[in-house]
Amino acid sequence: MGIKAADALAISFDELTTYLHKYHSVYMEVDGATYYLTDVNDRYWRVQATDQLNHKGHYVDCSELVPTISEFLYLPFKDGKSIADLFDEATFYASEKPEA
């Protein structure tokens, strides 16, 4: 789990798939909430709520796990809406590795 970059990304919906393939995660802010869009060991994709932590100190999943990015982008997770539905209202931020 990375930390949210300070500067927003200038990214289109069509570029998001390539971005996720390359970087494996991104933060998405929408309607006052921040979500972490990430893969699980390069095999499954999920949305996580950043305002909730589990007993291990990790973000809590708020979507099902799905095997492809194309399925992931259209998976409802917030009030029946998907990343595709929310894209135009959202701001995206890179996930950066914390400095050691």
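The values are calculated or read from the model by the stated rules, or taken from the named source; none is laboratory data. The structure presented is a predicted model; accordingly, all values stated were derived computationally and were not measured. So basically every Cβ, Gly included, is an ideal-geometry build from the backbone, and we count neighbours across all protein chains shown. Areas reflect the complete protein model, heavy atoms only, side chains present, ligands, DNA and RNA absent. Shrake-Rupley method; radii C 1.70, N 1.55, O 1.52, S 1.80 Å.
In the set Ser95, Ser82, which member is small (Gly, Ala, Ser), within 24 Å of Ala10 (Cβ to Cβ) and touching a Gly at 6+ places or on another chain (Cβ under 7 Å)?
Ser95
What number of residues within the stretch 48-100 satisfy the criterion of being over 19 Å from Val30 (Cβ atoms) and in a helix (DSSP H, G or I)?
Qualifying residue count, the stretch 48-100: 2.
Would you please name the residue that is farthest from Asp79 (Cα to Cα), looking only at residues in the stretch 38-47 that are open to solvent by 30 Å² or more (accessible area, probe 1.4 Å) and assigned to a strand (DSSP E or B)?
Checked the stretch 38-47; the qualifying residue farthest from Asp79 (Cα to Cα) is Val40.
Collect the residues in the stretch 12-37 that are assigned to a loop (DSSP other than H, G, I, E, B) and more than 19 Å from Phe77 (Cβ to Cβ), keeping them in residue-number order.
Ser12
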